[in-house]
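What follows is a single structure, written as C-alpha cells, with notes after it.
The values are calculated or read from the model by the stated rules, or taken from the named source; none is laboratory data. These numbers were taken from a predicted model, which means no experiment stands behind them. Reconstructed Cβ throughout: ideal geometry from the backbone, glycine too, with neighbour counts over all protein chains shown. We work out accessible area using only protein heavy atoms, side chains counted, and drop any ligands, DNA or RNA first. Shrake-Rupley method; radii C 1.70, N 1.55, O 1.52, S 1.80 Å.
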Amino acid sequence: MNSINKFWIDFCQKHHISPNALEGAYAYGANSQDADILSDLINRKIITATTSVYDHNEDVPTVGMYSIVLNGKNEPVCVIQNKTVEIMPFKNVSAEHAYLEGEGDRSYEYWYKVHKKFFTWECKEAGKDFTEDTEVVCETFIKVD
C-alpha cells in the first residue's frame, strides 16, 4: 500500500467515510514548486477554491466528494471536500471566487492575470486556443483534515 492509499484509508477510518468517496489525489499548479506553495495555502485554509479549464473528455468534479491534496513530491498534505462546482466562461468568474483562490493579493486583477497566462499555456500545450469564452470549472471546497 502506498502512502496516498494509507493516508486515505486512515482518513476514512477517522471520519467514518466510505473509501469510495474519493474523487482523486491532485497536485495543484504547473510544477512541483507550485504544488508545494498551493498545497500549503490549502492546508492553512487560505485557498478554498480552484479554477481549471473545462475538458469535455473528463468527468466534472462532484459536490460532496473528497480529494487528497498533494505537495510537489506527490505526498498527501490534506483532504478537501467539494462544496460547489460550476462551469462558466472564463470571463464570468467572479471577484469573490478569485478571492477564495487565495493567491497573490487576492484581487481579481491578480487572479485574472495569473490564470489567463496559465490557461493560455495549458491550452496551447493541448493544441487549443484559450479565449475569454473558454469554459472553466470553478470549485469551492473545505479542508477536512
Q. When the stretch 79-93 is examined, which residues are found to be in a strand (DSSP E or B), of a type outside the set (S, T, N, Q) and either surrounded by 13 or more Cβ atoms within 10 Å (Cβ to Cβ) or under 13 Å from the mean Cα position of the chain (by Cα) (or both)?
A. 79, 80, 83, 85, 86, 88, 89
Q) Taking the condition in a loop (DSSP other than H, G, I, E, B) and within 25 Å of residue 44 (Cβ to Cβ), does residue 139 pass? A) no
Q | Positions within the stretch 131-145 being charged (D, E, K, R), open to solvent by less than 70 Å² (accessible area, probe 1.4 Å) and either modelled with pLDDT of 95 or more or on the phi > 0 side of the Ramachandran plot (or both), in sequence order | A | 132, 139, 143
Q. Strands (runs of 3 or more DSSP E) wholly in the stretch 1-78 with at least 1 residues that are of a type in the set (Phe, Trp, Tyr) and open to solvent by 80 Å² or more (accessible area, probe 1.4 Å) - which ones?
A. 22-27
Q.
I want to confirm something. Restricting to the stretch 94-130 and keeping residues that are under 22 Å from residue 57 (Cβ atoms) and outside any helix (DSSP H, G or I), which single residue is least open to solvent (accessible area, probe 1.4 Å)?
A. 130
Q) Can you tell me how many residues in the stretch 62-81 are closer than 26 Å to residue 121 by Cα and in contact with a Gly (Cβ under 9 Å, 6 or more places away or on another chain)? A) 3
